[in-house]
Amino acid sequence: MKILKENGGLLTNFEVLDFLRSRGAAKDPTRVLAPLAPSEFKVYDFLEQSAACSQTRESIAEFVTKCKPYKLTKSEIVSIVNVRPSSAVEIDPLIEDLDSRLGESAEELVELVLQVFPPPPDQSKSDE
Amino acid sequence: MFNLSKLEHTLRLQPHLLGLPINEAVKGELEGLFLDKVIAKLGLCISVYDIESIDGGFIFPNEGAPTYTVKFRLIMFRPFVGEIISAKLKESNADGLRLSLGFFDDIHIPKLLMPEPSRAKPDSENKNQVKWIWSFNDEEYLIDGYDEIRFRVQNIKFPEIPNEQKESKPFAPMEIIGSLVSDGGLGPISWWV
C-alpha cells in the first residue's frame, strides 16, 4: 500500500453526508439492503444530528462567497460551516485572533451564518 | 474533520469474485481492507470515495487470482489540530473526560486541559465516575452527559502497536487529545447557548 497524496482536499461534513446519502444511507430503514458498512452508518448517524443535516450545496457556496470580505482561511470557513455558531461567543474559538482581525464585524459574521444556514428544527436552540 | 487521501494498493482478486464487474469487485475488496481501520498518520478510513484507475490484472505463476494495482481515494477522518468538534460524553473519571463521536470513541480530555478552575465531585450514581464542575465568576457549571461537548483538538496520537496486549484497555490505534481551555465557547453547548 502506498500513499500517493496524504491530503487531497478538506471536506465539509455536508459533503461527506451527501456522499453517504448518494450511496443510499437515507432510504433504507432496515440498514441491511443498502451497500454500506455498519461503520458508515455510524458516521451517517453522527452527521445527521450535526449541523450538516439541513445544509445544501447552494447554501454552502453562498456562504463562501459572502464571507470573502472577512478574509477567513479555508479551515476556518470549513469549521464555521461544520459547527454553525449562533452567537459571537461560539465563533470565538473557531477563528484565531478574532478581535484583531474582525473586531466588530464578528457580530456581522454571526448574522451572516444565521441567515445563510437556518437552525435545524430541534428543541434546544428554539427554547433559548 | 474529513479529508480525501489518494492511495495506491496492489491487491489480489479471488477467483470467486471474477464474475462481478471489475469495479464492484475491486471496490468490495478495498472496503473490506480499509473501512473502519486506522491508517497511520492518515486517520480513520470512513469510506471509499472513488476509484481512479485499475491496472494490471496479471496472473502470476502458481496462482489463480489476478493481481491489480489500484489507485483510489478514501474519505479519512482526521481532524486538524485546533479544530472545534462537538462530541458526546461517554465517561467522566478522575483523569478527565472521555468523549465519543459514535464512529470514533478514543477522544480524551485530560484533567490538565479542563477549563480553569474545575473540580471533580464524586458521582453518587456510578462508583468510578466523577462529575466535573467549572467555577466561573462565582457560578458553578456542571458537565453532565446531557448535551454535546465542544472541544478543541490539541493533539492526535498514533501509538505503535504493542507486542503484548494490556488486559485493562483495548489498544487504541488513534487517540485524540482535546482541550476545553479557551476564552469562551468550549464545553457543553448548554453553557453558551
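The values are calculated or read from the model by the stated rules, or taken from the named source; none is laboratory data. Keep in mind that what you see is a predicted model, and the values were worked out from it rather than measured. Positions of Cβ are generated from backbone atoms using ideal geometry, with glycine treated the same way; all protein chains shown enter the neighbour counts. Just the protein is used for accessible areas: all its heavy atoms, side chains included, with ligands, DNA and RNA removed. Shrake-Rupley method; radii C 1.70, N 1.55, O 1.52, S 1.80 Å.
Rounded to the nearest 100 Å², what's the accessible area chains B and A bury against each other, both chains counted, probe 1.4 Å?
Roughly 3400 Å² of accessible surface disappears when B and A pair.
Using a 7 Å offset from the Cα along the Cα-to-Cβ direction at both B:ILE59 and A:GLU104, what is the distance between the two label points in nm, to one decimal?
Label-label distance for B:ILE59 and A:GLU104, simple model: 7.7 nm.
For region A:14-107, what is the accessible area per residue in Å², given a 1.4 Å probe and the full set of protein chains?
50
From Cα coordinates alone, what are the radius of gyration and Dmax values for region A:13-53 in angstrom?
For region A:13-53, the Cα radius of gyration and maximum Cα-Cα distance read 9.3, 27 Å.
Give the distance, in whole Å, between the Cα centre of region B:135-158 and the Cα centre of region B:10-29.
46
Trypsin sites (Lys or Arg not before Pro), restricted to region B:1-107: which are DSSP loop and have at most 13 other Cβ atoms within 10 Å?
For trypsin sites (Lys or Arg not before Pro) across region B:1-107 that sit outside H, G, I, E and B with at most 13 neighbouring Cβ atoms in 10 Å, the list reads B:LYS37, B:LYS41.
Local charge sum around A:GLU62 (other residues, Cβ-Cβ under 15 Å, Lys/Arg +1, Asp/Glu -1)?
+2
Out of B:TRP134, A:TYR70, A:TYR44, whose Cα points farthest toward the positive end of the dipole of the protein assembly as shown (charges: +1 Lys, Arg; -1 Asp, Glu; placed on Cβ)?
The listed residue farthest towards the positive side: A:TYR44.
Go through B:LEU113, B:ILE189, A:THR30 and say which Cα lies farthest out towards the positive end of the charge dipole of the protein assembly as shown; charges sit on Cβ, +1 for Lys and Arg, -1 for Asp and Glu.
Comparing the listed Cα positions along the dipole, A:THR30 ranks first.
Enter the mean projected area of the convex hull around the alpha-carbon atoms of chain B, in nm², rounded to one decimal.
That works out to 15.0 nm².
Hey, how many Å between the Cα centroid of region B:91-108 and the Cα centroid of region A:1-35?
25
For chain A, give the magnitude of the charge dipole about the Cα centre (Cβ charges: +1 Lys/Arg, -1 Asp/Glu; no others), in debye to the nearest 20.
880
Heavy atoms only, probe 1.4 Å: what % of the accessible area of chain A goes to carbon and sulfur, would you let me know?
Its accessible area is 53 percent carbon and sulfur atoms.
Among the listed pairs A:LYS71/B:LYS6; A:LYS2/B:LYS71; A:LYS42/B:LYS41, which have their C-alpha atoms separated by more than 18 angstrom in this model?
Flagged as over cut-off: A:LYS71/B:LYS6; A:LYS42/B:LYS41.
For the pair A:SER75 and B:PHE136, how long in nm is the line joining their label points, each one 7 Å along Cα→Cβ?
Reported label-point gap for A:SER75 and B:PHE136 is 2.4 nm.
Could you work out the local net charge near A:ILE77, counting Lys and Arg as +1, Asp and Glu as -1, over the other residues with Cβ closer than 14 Å to its Cβ?
Spelling it out: positives minus negatives among the neighbours equals +1.
Per residue, how much accessible area does chain B have with a 1.4 Å probe, in Å²?
Using a 1.4 Å probe on heavy atoms only, each residue of chain B averages 53 Å².
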